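Take a look at the structure below.
The values are calculated or read from the model by the stated rules, or taken from the named source; none is laboratory data. The structure displayed is predicted, hence computed values, not measured ones. Every residue, glycine as well, gets a Cβ built from its backbone with ideal geometry; the counts of neighbours run over all protein chains shown.
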Amino acid sequence: MTLTDFEPRRKGRPSIEEIPLPPHVQRALVLRGNGSSWKDAAESVGMDYRTLRKYVRDHPDANEFLERQTQDALDQSHSKLIAAAPAAAQRLIDVINDEGNRGYVVVQAVESLFRIIDRGITDRENAEQLKEIRNSINALEGGKIINV
């Protein structure tokens with residue numbers, strides 16, 4: 001064995017890629033995923049925004065963690081909107097039925113109502129067609145005979 005057979009030991013602090021994602025970086029990424037700016041998220045945990053961006057760029061787990069936090073925030077927002085949908089629909093109907101509203105307000109409300117209804121019908125039809133296409137593909141792959 002010679003000295004060249006040994007890999008030289010690196011001195012100093014390990015690089016970002018070599019350490020687990022620190023808790024303060026995770027907290028900053030949670031804030032960023034919830035809509036804070038890079039600067040605000042970093043400052044709230046006592047770090048520079050450039051360092052936070054460097055973690056996202058260089059650490060193997062940081063980008064995935066940020067994407068997961070952003071998706072969780074979007075899911076929570078959608079849940080709130082879905083929960084408020086019946087009240088919003090009732091409010092739209094109240095605007096349409098209120099005789100005290102001006103004509104242009106009622107017209108916009110009616111247009112919104114029909115647009116919502118049309119979108120719901122279109123989405124349902126697309127889902128049914130997609131299901132039929134999937135069934136056809138499964139039948140072709142499975143060797144079943146299908147009528148076209």
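Select from the stretch 74-110 the residues that are touching a residue at least 12 places away in the same chain (Cβ under 8 Å) and surrounded by 15 or more Cβ atoms within 10 Å (Cβ to Cβ) and write down the one among them that is farthest from L31 (Cα to Cα). Only one residue tops the list, namely I96.
One line per residue, one yes/no per condition, for (1) under 30 Å from R32 (Cβ atoms); (2) modelled with pLDDT of 90 or more; (3) in the same structural domain as R53 (by TED's automatic domain parsing); (4) of a type in the set (D, E, K, R):
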site: R68; (1), (2), (3), (4): yes, yes, yes, yes
site: Q71; (1), (2), (3), (4): yes, yes, yes, no
site: A89; (1), (2), (3), (4): no, yes, no, no
site: F114; (1), (2), (3), (4): no, yes, no, no
site: E125; (1), (2), (3), (4): no, yes, no, yes
site: K131; (1), (2), (3), (4): no, yes, no, yes
site: S136; (1), (2), (3), (4): no, no, no, no
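Across the stretch 134-143, the number of residues qualifying as surrounded by fewer than 10 Cβ atoms within 10 Å (Cβ to Cβ) and part of a helix (DSSP H, G or I) comes to 2. Say whether the condition of being in a loop (DSSP other than H, G, I, E, B) and out of contact with any Gly (no Cβ under 7 Å at 6 or more places or on another chain) is met by at least one residue in the stretch 25-32. Checked the stretch 25-32: no residue is in a loop (DSSP other than H, G, I, E, B) and out of contact with any Gly (no Cβ under 7 Å at 6 or more places or on another chain).
Between R68, R50, R57, which is in a helix (DSSP H, G or I) and under 14 Å from V30 (Cα atoms)?
On the way: R50 fails: under 14 Å from V30 (Cα atoms); R57 fails: under 14 Å from V30 (Cα atoms).
Residue meeting the stated conditions: R68.
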